[in-house]
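The values are calculated or read from the model by the stated rules, or taken from the named source; none is laboratory data. Everything numeric here is computed off the predicted structure, so don't read it as measured data. Neighbour counts run over all protein chains shown; Cβ positions are idealised from the backbone, glycine included. Note: areas computed on protein heavy atoms with side chains; ligands, DNA, RNA excluded. Shrake-Rupley method; radii C 1.70, N 1.55, O 1.52, S 1.80 Å.
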Amino acid sequence: MTRDSASSIEPVPRAEASWWRRNVAWLVPVGVVLLLMLITSLVFTFWRTDQVAVRPGSVEEVPSRVAVSGADVYPPESEISLVTVLVSQRLTIWQRIGAEFESGVDIEPERTFTGDGTRSELRRLNEMRMETSQHTAVVVALEHLGYVIPRHASGVIVSETLSGAPAADVLERGDVIVGIDGVPVGDLGDLAEVLALREAGQMVELDVEQADDGTVKSVMLELIESADEPGRALIGVGARERTDLGELPLEIEIDSGTIGGPSAGLALTIGIIDLLTPGELTGGQQVAATGTISFDGSVGAIGEVDQKAIAAERAGVDLFLVPVPNLGDALDHVSGDLRVVGVATLQDALDALAGN
């Protein structure tokens, strides 16, 4: 009897694991990290914060923006200039981080500029403020030069409403209050006299000339109490007087371009005076100015003076005129040869120019 020989069976070689399987232990966490980095980068790129960057702007010569009809003009070689700032759109997170490392940039909440309004409302408000600033600058300049211009206040313009105040529900920027409880309101003094006889919480009836179409409507409004003077009744708005003028002796047009706001008032006033008088008020120096201007010639404080001082210094300005309340802040942000002088009135500014 023969014995069958045992069959030899070759072992099947094991398939080699793929590269992915061999490295899965570290590929998965790395992939997760890369995915998170991608998502984070996209968020940082497209997600906008509620903050904006305020940067030094440009220095713009004034007399070349002014057109005069009805009088001789004397274009100066060295023109007085106004100074602007640039306010960005809301910053993305990457932009917010980058702005931290920029010289001369402030990062502010957008609400600092818009309040409870929108960006388009702010733009319209700044356009209105510039128109008012131009209007006032023309009158102040002409009166300084000896022209007599009849004018009278014809109402109180709402420049802003206080957040949370009942006025915010019934009044808009640009509305003009022309009466309260049947009493005509021509100026801020008239308004104050009526409010002095009222109490916080009391309802009053306002006659309001609407900003959009000029029609007059009556609105009921609850007065609020002043946070600074307990017992004093307020409407709850920021306001300024509307002034109607007689016919101007000269036709003066100012091209402000896209520049808005009230802070060019002083520069515009000096620029018009310089254009209408022989010689040069600047004495050949490069001079810039900032500050609001009122009909009585007083110069009011402005915002973002630090960025404006930086812009003036970068532009090589020799003399920078600023409102007295802004002087310290301006001086803190210049380091070169720029001379900064604080002024309280138009005459202060002209005296500073005369002294050079």
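Test ALA288 against the criterion of being open to solvent by less than 50 Å² (accessible area, probe 1.4 Å) and at pLDDT 95 or above, and give yes or no. Yes: the conditions hold for ALA288. With respect to the stated conditions, LEU281 fails to be open to solvent by 10 Å² or more (accessible area, probe 1.4 Å), touching a helix residue (DSSP H, G or I) at 6+ places or on another chain (Cβ under 8 Å), aliphatic (A, V, I, L, M) and modelled with pLDDT under 90. Scanning region 194-217 turns up no residue that is over 23 Å from GLY265 (Cα atoms), touching a Ser or Thr at 6+ places or on another chain (Cβ under 6 Å) and open to solvent by less than 20 Å² (accessible area, probe 1.4 Å). Scanning region 329-356 for residues that are under 23 Å from the mean Cα position of the chain (by Cα), without any contact (Cβ under 8 Å) to a residue 60 or more places away in the chain and open to solvent by 40 Å² or more (accessible area, probe 1.4 Å) yields ASP329, LEU331, ASP332, ALA344, THR345. Of all residues in region 296-328, exactly one satisfies the criterion of being open to solvent by 50 Å² or more (accessible area, probe 1.4 Å), over 21 Å from the mean Cα position of the chain (by Cα) and either of a type in the set (A, V, I, L, M) or closer than 30 Å to GLU241 by Cβ (or both), namely ASP296.
If a residue must be part of a helix (DSSP H, G or I) and of a type in the set (S, T, N, Q), how many such residues does region 15-47 contain? The number of residues fulfilling the criteria is 3. Applying a threshold of 6 Å to beta carbon distances and a minimum spacing of six or more residues, or different chains, the list of pairs starting in region 241-258 at a residue that is under 20 Å from VAL148 (Cβ atoms) and ending at one that is open to solvent by less than 50 Å² (accessible area, probe 1.4 Å) and among the polar types (S, T, N, Q) reads ASP244/SER154.
Scanning region 159-176 for residues that are hydrophobic (A, V, I, L, M, F, W, C), under 21 Å from ALA227 (Cβ atoms) and either modelled with pLDDT of 90 or more or open to solvent by 60 Å² or more (accessible area, probe 1.4 Å) (or both) yields LEU162, ALA167, VAL170, LEU171.
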